[in-house]
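The values are calculated or read from the model by the stated rules, or taken from the named source; none is laboratory data. Computed from a predicted structure; not experimentally measured. No Cβ is skipped: glycine too gets one built from the backbone with ideal geometry, and neighbour counts run over all protein chains shown.
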Amino acid sequence: MSEIRRFESERIFEGEKIEIKDILDKEITIKDFRELESQYYEHNYAIVQAEDNGKLVTFNVNSTILIKQLNKEKEKGLPFIAKIVKKGKYYTFA
């Protein structure tokens, strides 16, 4: 008889779920993120875990610019400190 294995759940981040507008123009620490395939858009989205004034928060990002920046920063090493700003119609790190 084969050994019974445990179900491996997907990684879910701890922290209060917030909207990106709640941290717009504030310095935050990006702790981790997970990029996922979207069911609604043609491109991926990311679930981000950050620290805002010592409090863990999570938020979703569907901005291709932010996702590219997240991946670039991940290569350098997480965590990192940044602000999310709105430039016209899109979001970016500053």
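Candidates are the residues of the range 10-35 that are touching a strand residue (DSSP E or B) at 6+ places or on another chain (Cβ under 6 Å) and without any contact (Cβ under 8 Å) to a residue 40 or more places away in the chain; the one that is farthest from LEU78 (Cα to Cα) is GLU35. Please work out which residue is surrounded by the fewest Cβ atoms within 10 Å (Cβ to Cβ), limiting yourself to the range 50-64 and to residues that are of a type outside the set (Asp, Glu) and over 15 Å from LEU36 (Cα atoms). It comes out as GLY54. In the range 29-45, of all residues being in contact with a helix residue (DSSP H, G or I) (Cβ under 9 Å, 6 or more places away or on another chain) and of a type in the set (Asp, Glu), the one that is modelled with the highest pLDDT corresponds to ASP32.
Checked against the criterion of being touching a strand residue (DSSP E or B) at 6+ places or on another chain (Cβ under 8 Å) and of a type in the set (Gly, Ala, Ser), the range 71-84 has at least one qualifying residue.
Taken as a whole, the condition of being within 15 Å of LYS21 (Cβ to Cβ), in contact with an Asp or Glu (Cβ under 7 Å, 6 or more places away or on another chain) and among the aliphatic types (A, V, I, L, M) does not apply to VAL48. Could you list, in sequence order, all residues of the range 76-94 that are within 18 Å of GLU35 (Cβ to Cβ) and either modelled with pLDDT under 95 or under 15 Å from the mean Cα position of the chain (by Cα) (or both)? The answer is GLY77, LEU78, PRO79, PHE80, ALA82, ILE84, TYR90, TYR91, THR92, PHE93.
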